[in-house]
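Worksheet: the structure to be examined is printed underneath.
The values are calculated or read from the model by the stated rules, or taken from the named source; none is laboratory data. In this text the structure is predicted, and so the values were computed from the model without any measurement. As a convention, Cβ positions derive from the backbone with ideal geometry for all residues, glycine included, and neighbour counts pool all protein chains shown. Note: accessible area is taken over every heavy atom of the protein model, side chains too, but ligands, DNA and RNA are not part of it. Shrake-Rupley method; radii C 1.70, N 1.55, O 1.52, S 1.80 Å.
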Amino acid sequence: MTLFERWRRWLAKGEAQPAASVLPHSFEDDLTGLVNRRVMHDTLVAALQDDVPGAVITFGLDNFKYFNDRHGHRVGDDLLRLVAARLREALPGAGCLARVGGDQFMTFLPERDLAGALRAAQACIDRMREPVILSASAEIVTLSAGVATLDAQSARAVDAVWRACDAALHAAKARGRDRVVAFDDDTRRVVASRRDLISTVAELQQRNRALREEARTDALTGLRNRLALDELLHAVAGDGDRRVQRAAVAFIDVDHFGNFNHAHGDAAGDEALRAVAHAIRGCAREADLVFRKGGEEFVVVLPDADGHAAQAAAERIRGAVESLALVHAGSSVAGVVTVTIGVASGPSAATLRQLLEAAAERAMAAKVGEQRNRVHAVRLPDAPGPVEAPQPR
């Protein structure tokens, strides 16, 4: 006896039973008493293995979520039981009738061609249109159906037949519900077009993400650029963004960089900036945000760093740049490229914009005072209430 025959005899309440190692209740849907998705899957597998042709129909209740929301899940469960009963009545010759999940049902009709399956599905839909009384009043509930054949011309895989039924069911709902649609060449073209559209949309989204990232990346150094920095300052202003709570900010300026370009040329200047950027990034933690603000100016945002930790981090950066030993013939500070760094920390109420402005002012004041190639720290004073109003969005 083939597996398909065993299923048919069991489903027909014959004497044969499933294997003893599998309990009968594992075949049933507890709510409707129909067999479950597993039985339907195994039935279709057996049919394909035994070359039993037929048709498969997937039914879906129309607007079931609305029905549940309106009447409650208990009444929704009663409706699902009623649908199962009406499908049993309308499909007396079904080889298998199952609830395959949620508000979806599926049946396999052995030896049935496409035309016969369409008639059977339409009979089920007509039967479902008869009023149902589940709460205070009678209502009309409708079904949609998708039909696919199971034969030598169909894909020799259950998943392919299942997908074909689902595609036809979705087409039926898209065309207005309360109808039957067969998986034919037209439906296949619609499915292919939809897949192409989804693929195109995904590709465009990926390109847009890449363009967005490119627009916020400094082409010379690979760091985040001024646009990314401005967006961060704008986004967190007054919002208490967790990424930058208790943050400190380091403002880094390359000493006498105009003189470097004049003495060594613009190409050498670009190489020097790339090397400095690499040194800064190498000293930063994974959580730190590193930007090239513009020209020879860099900014590092250090989340969850107090003044001491930020000053130590800035000193590591300063030392790493000096250790590059990039010859600087136009510097009055040293014979190599160096940086002056202003570091600002403050109370949690202080904004990143305030910290950045304070760090930049501290660095510029140090350069004017001929205190280059050093780290200069400042802490913003505590202040009651917000320090700065949120920036306009």
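Extension gain, R374 to E130: 0.36 nm times the residue separation minus the Cα-Cα distance gives 79.2 nm.
For A349 and R285, the FRET efficiency from 1/(1 + (r/R0)^6), where r spans their Cβ atoms and R0 equals 22 Å, is about 0.40.
Which of rounded, prolate, oblate describes the stretch 201-303, given a ≥ b ≥ c as roots of the alpha-carbon gyration tensor eigenvalues and a/c under 1.5 marking rounded, otherwise prolate only if a/b is larger than b/c? Don't skip to the end; give the middle numbers.
Values: a/c = 2.37, a/b = 1.34, b/c = 1.76.
Because a/c hits 1.5 or more and a/b fails to exceed b/c, the stretch 201-303 counts as oblate.
Find how much the distance from A268 to S199 grows on full extension, using 0.36 nm per residue of separation minus their present alpha carbon separation; answer in nm with one decimal. Spell out each step's value before the answer.
Details: separation 69, 0.36 × 69 = 24.84 nm, distance 4.47 nm.
Stretched out fully, the A268 to S199 stretch lengthens by 20.4 nm.
Between R37 and E213, how high is the FRET efficiency from 1/(1 + (r/R0)^6) when r is the Cβ-Cβ distance and R₀ = 41 Å? Nearest 0.05.
Working: r = 42 Å, r/R0 = 1.04.
In this case the efficiency is close to 0.45.
Which aspartates and glutamates have a Cα lying under 15 Å from the Cα of K367, excluding residues fewer than 8 positions away in the same chain? Within reach: D253, D255, E296, E297. When all protein chains stay in place and ligands, DNA and RNA are ignored, the 1.4 Å accessible-area order of D288, D270, largest first, is D270, D288.
List the GluC sites (Glu not before Pro) within the stretch 88-178 that fall in a DSSP loop (any state other than H, G, I, E or B) and whose Cβ has at most 15 other Cβ atoms within 10 Å. Kindly include the intermediate steps, with their values, before the conclusion.
Values: sites: E89, E111, E139; in loops: E111.
Listed in order of number, the matching sites are E111.
Surface composition of the stretch 196-347: carbon and sulfur make up 51 percent of the accessible area, probe 1.4 Å. Counting only protein chain heavy atoms and rolling a 1.4 Å probe, the accessible areas of H73, H234 rank, largest first, as H73, H234. Once the C-beta distance of H71 and R119 is scaled by a Förster radius of 22 Å, the resulting FRET efficiency is 0.10 to the nearest 0.05. Packing order of peptides 215-222, 300-307, 247-254, highest average first: 247-254, 300-307, 215-222 (average count of other Cβ atoms within 10 Å over each peptide's residues). Label separation (R163 vs R175): 2.2 nm, computed from points 7 Å beyond Cα along the C-beta direction. Here K65 is the anchor, and the aspartates and glutamates within straight C-alpha reach of less than 13 Å, apart from those fewer than 8 places off in the same chain, are D77, D103.
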